[in-house]
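K.L.:
Take this structure first; my questions come after.
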Amino acid sequence: MIQFPFFGRNGKPPGKRGPYDIFAVGKEDPLFLEKFKGLRAVVEQKVDLHQMKLLGITSSVAGEGKTLCCAHLGRSLANTGRKKVLLVDVDIRKSELTRGMGARRTPGLTEYLLGGATLQQLIHPTRIPNLSLVTSGIEVSSPADLLAGDPFKSFLREIRGQFDAILLDTPPVLPVADTPTIRGLADGFLFVYRAGFTPYTLLRQAIEELGEKHVLGAVLNGVEAASPGYYRKYYGSYYQVHAKSDVLPEKK
């Protein structure tokens with residue numbers, strides 16, 4: 001299994017249940033943003049996105065930062081200007097990606113799976129050039145059963161032909177059966193592991209439950225590689241100069 005070392009602060013979204021801006025998390029910290037660019041570089045180096053363009057982002061339990069990682073990695077991939085990137089909120093129970101993108105839940109994934117919306121109605125552009133979003137849709141009583149059906153397989157086939165990279169924000173593995181249900185449909189999964197929060201035994205249990213052959217690597221969250229003073233002393237001015245170029249201008 002490939003390891004993706006990502007050392008960053010664990011940004012926490014607001015506690016409210018309404019929409020918020022997930023890209024505002026860490027925006028005052030250039031180093032935080034640079035780490036996602038580094039993660040993008042490792043993913044592009046280790047994963048052939050021409051063949052493995054559909055990646056699930058998951059974790060063992062809730063609260064490890066998988067949605068934050070999914071959104072920022074998607075933005076970083078889109079910011080290169082070379083890829084059309086789609087984020088899909090498959091965590092129907094929590095809809096954290098939908099909230100973090102400040103979007104309405106409907107029409108979303110569940111409407112499509114229940115036959116109440118077309119694919120064109122699902123795909124919403126975002127303010128980030130080349131980055132689109134499919135929201136979670138309405139709540140349903142059994143998301144795992146809905147994701148196991150043929151409509152979800154059809155959905156994945158359709159979007160695979162329209163985008164260069166697709167990131168699925170899936171539920172954590174251990175609490176519910178949703179992610180193990182679709183493990184054979186994604187090209188692979190990245191595990192987000194929050195150091196000091198989740199026991200390593202739970203990470204191993206989750207990987208075994210998902211199946212190690214489906215796991216491309218792990219993203220380590222919540223670890224400081226060095227003290228903030230170290231970076232201010234040696235790299236502070238560099239990050240200040242380049243922090244403004246995080247998003248490429250939209251092509252005319």
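K.L.:
Condition first: farther than 19 Å from ARG127 by Cα and touching a helix residue (DSSP H, G or I) at 6+ places or on another chain (Cβ under 8 Å). Now tell me which residues in region 19-40 satisfy that.
P.N.:
Residues satisfying the conditions are PRO30, LEU31, GLU34, LEU39, ARG40.
K.L.:
Another question about this same structure. Go through region 35-78 residue by residue and tally those that are among the charged types (D, E, K, R), surrounded by fewer than 24 Cβ atoms within 10 Å (Cβ to Cβ) and not in a helix (DSSP H, G or I).
P.N.:
2
K.L.:
Ok, one more. Cβ-Cβ under 6 Å, sequence separation 6+ or interchain: first residue in region 209-223 and closer than 21 Å to PHE197 by Cα, partner buried (at least 16 other Cβ atoms within 10 Å of the Cβ) and hydroxyl-bearing (Ser, Thr, Tyr). Which pairs?
P.N.:
ALA218/TYR193; LEU220/TYR193
K.L.:
Just to verify a result, which residue in region 153-163, among those that are surrounded by 17 or more Cβ atoms within 10 Å (Cβ to Cβ) and in contact with a helix residue (DSSP H, G or I) (Cβ under 9 Å, 6 or more places away or on another chain), is farthest from GLU139 (Cα to Cα)?
P.N.:
It comes out as ILE159.
K.L.:
Residues of region 88-145 being out of contact with any strand residue (DSSP E or B) (no Cβ under 9 Å at 6 or more places or on another chain), acidic (Asp, Glu) and at pLDDT 95 or above, which ones?
P.N.:
Within region 88-145, GLU111, ASP145 meet the criteria.
K.L.:
Right, next: Just need a number here: residues in region 13-34 that are outside any loop (DSSP other than H, G, I, E, B) and either of a type in the set (Asp, Glu) or modelled with pLDDT of 85 or more (or both).
P.N.:
Pass one, region 13-34, residues outside any loop (DSSP other than H, G, I, E, B): 21-24, 30-34.
With either of a type in the set (Asp, Glu) or modelled with pLDDT of 85 or more (or both) added as a condition, the list becomes 21-24, 34.
Number satisfying all stated conditions: 5.
K.L.:
Out of curiosity, is LEU119 of a type in the set (A, V, I, L, M), touching a residue at least 24 places away in the same chain (Cβ under 8 Å), in contact with an Asp or Glu (Cβ under 7 Å, 6 or more places away or on another chain) and more than 23 Å from ALA62 (Cβ to Cβ)?
P.N.:
Details: of a type in the set (A, V, I, L, M): yes; touching a residue at least 24 places away in the same chain (Cβ under 8 Å): yes; in contact with an Asp or Glu (Cβ under 7 Å, 6 or more places away or on another chain): yes; more than 23 Å from ALA62 (Cβ to Cβ): yes.
Considered against the rule, which asks whether it is of a type in the set (A, V, I, L, M), touching a residue at least 24 places away in the same chain (Cβ under 8 Å), in contact with an Asp or Glu (Cβ under 7 Å, 6 or more places away or on another chain) and more than 23 Å from ALA62 (Cβ to Cβ), LEU119 comes out as yes.
K.L.:
If you take the residues of region 200-240 that are over 11 Å from GLU64 (Cβ atoms) and part of a loop (DSSP other than H, G, I, E, B), which of them is modelled with the highest pLDDT? Step through it out loud before you land on a result.
P.N.:
Filtering region 200-240 for residues over 11 Å from GLU64 (Cβ atoms) gives 200-201, 204-205, 207-217, 223-240.
If we keep only those that are part of a loop (DSSP other than H, G, I, E, B) as well, we get 211, 223-227.
Values: GLY211: 95, VAL223: 70, GLU224: 59, ALA225: 53, ALA226: 52, SER227: 48.
Only one residue fits best here, namely GLY211.
K.L.:
For region 149-183, what are the residues that are of a type in the set (A, V, I, L, M, F, W, C) and closer than 16 Å to THR110 by Cβ?
P.N.:
Of all residues in region 149-183, those of a type in the set (A, V, I, L, M, F, W, C) come to 152, 155-156, 159, 163, 165-168, 173-174, 176-177, 182.
Correct list: PHE152, PHE155, LEU156, ILE159, LEU168, VAL176, ILE182.
The values are calculated or read from the model by the stated rules, or taken from the named source; none is laboratory data. For clarity, every value in this text was computed on a predicted model and none was experimentally measured. Ideal geometry is used to build each Cβ from the backbone, glycine not excepted, and the neighbour counts take in all protein chains shown.
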